[in-house]
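**Student:** Just dropping this structure here.
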Amino acid sequence: MALIYVVEDDKNISEIESFALKNAGHQIVECACAKEFHKQVQERIPDMVLLDIMLPDEDGLSILKKLRATPETRRIPVILVTAKTTEIDKVKGLDSGADDYLTKPFGVMELISRVKALLRRVGGMEDEKFLRVGILFIDDEKHVAYVDDKHIELTYKEYELLKYLTINQGIVLSRDNLMEKIWSSDYEGESRTLDVHIKTLRQKLGKAGSYIKTVRNVIILICGIITGRSAYEKENQHSIFNYYITGDTDNGIAFYLCILRIIQAGSDGRLKNEHTASG
């Protein structure tokens, strides 16, 4: 996946952005100020930059203009991430050379989708016929899955469920959403069917089965692939991360970070180590 520089002086927001993008399979470098960012760029050119406008040592728009004025960096895709929400601010950012503009507060689903769309536009994403998460590899052209290069026998529904989760890694999906996508909207069977398929997938995937984590009534986690079934989510199908990140108070962000760390700790370190790009 892509190498993305997250330039954000707010540690909480930077941590949330980085965690979400790592879950989506990207390699992340966090920069808390312009000086640190310029140093990183000199060492290695990223595939994308998430750039905050209000930084302590240099304005984000100034950084953007420098990137566009330098031959080596002028083609780097840049998404401005800022609390400035007026139309004139957005126009100014886009006219300065930004490829996209994301306003705070924002949802993680939207962040991942915008990053994915921009990488697709600039040709920075790998062919989606081939999907990889850790030791799990899916060849969608042949409709087969491998764990550690060993072919895994899956039924049609098991394969479709695994592929859908993999494509939507880092995004929370409700039980209703999964039932509709995999079993069609007019399916009238018990939702227990989903639980059975998840259990079977764990068994068939062997070592990769540990990627699937279930926290009752909250999330199912597959090595950075997150699906959920909270009550509010059945209504709007929003990410549980979206719920916390869009909170207007510091307590909301702090609560999200607390949940995030509990998930990390509860995975015996596997989540932290295995949800990064290509394992």
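The values are calculated or read from the model by the stated rules, or taken from the named source; none is laboratory data. Predicted, not measured: the structure shown is a model, and the values here were computed from it. Cβ placement follows ideal geometry from the backbone for every residue including glycine, while neighbour counts extend to all protein chains displayed.
So that you can scan it fast, the table gives a plain yes or no per residue for (1) surrounded by 17 or more Cβ atoms within 10 Å (Cβ to Cβ); (2) in the same structural domain as Gly25 (by TED's automatic domain parsing); (3) not β-branched (Val, Ile, Thr):
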site	(1), (2), (3)
Ile63	yes, yes, no
Pro71	no, yes, yes
Arg75	no, yes, yes
Val81	yes, yes, no
Thr86	no, yes, no
Asp95	no, yes, yes
Ser113	no, yes, yes
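**Student:** Among the residues of region 1-31, which ones are assigned to a helix (DSSP H, G or I) and over 17 Å from Ser113 (Cα atoms)? Break it down into steps so the answer makes sense when it comes.
**Tutor:** Looking only at region 1-31, we keep the residues that are assigned to a helix (DSSP H, G or I), and these are 11-23.
Correct list: Lys11, Asn12, Ile13, Ser14, Glu15.
**Student:** Let me ask something else. Looking only at region 5-33, how many residues end up being buried (at least 18 other Cβ atoms within 10 Å of the Cβ) and within 12 Å of the chain's Cα centre (by Cα)?
**Tutor:** Residues flagged as buried (at least 18 other Cβ atoms within 10 Å of the Cβ) and within 12 Å of the chain's Cα centre (by Cα) within region 5-33 amount to 12.
**Student:** Would you mind telling me which numbered condition in (1) among the charged types (D, E, K, R); (2) in a helix (DSSP H, G or I); (3) at pLDDT 85 or above Arg120 fails?
**Tutor:** All conditions pass for Arg120, except number (3).
**Student:** Out of all the residues in region 123-160, which are among the basic types (Lys, Arg) and modelled with pLDDT of 85 or more?
**Tutor:** Lys142, Lys150, Lys157
**Student:** Still on this structure: Restricting to region 32-87, what's the tally of residues that are among the aliphatic types (A, V, I, L, M) and part of a helix (DSSP H, G or I)? If you could, list the steps in order and put the result at the bottom.
**Tutor:** Narrowing region 32-87 to residues among the aliphatic types (A, V, I, L, M): 32, 34, 41, 45, 48-51, 53-55, 61, 63-64, 67, 69, 76, 78-81, 83.
From the residues that got through so far, the ones that are part of a helix (DSSP H, G or I) too are 34, 41, 61, 63-64, 67, 69.
The number of residues fulfilling the criteria is 7.
**Student:** Just for region 176-203: of the residues that are crowded, with 17+ Cβ neighbours inside 10 Å and within 24 Å of Gly134 (Cβ to Cβ), which one is modelled with the highest pLDDT?
**Tutor:** Looking at residues that are crowded, with 17+ Cβ neighbours inside 10 Å and within 24 Å of Gly134 (Cβ to Cβ), I get Leu201.
**Student:** Could I ask something else about it? Tell me which of these Asp59 doesn't satisfy, since it passes every other one: (1) touching a residue at least 12 places away in the same chain (Cβ under 8 Å); (2) over 22 Å from the mean Cα position of the chain (by Cα).
**Tutor:** Answer for Asp59: the failing condition is (1).
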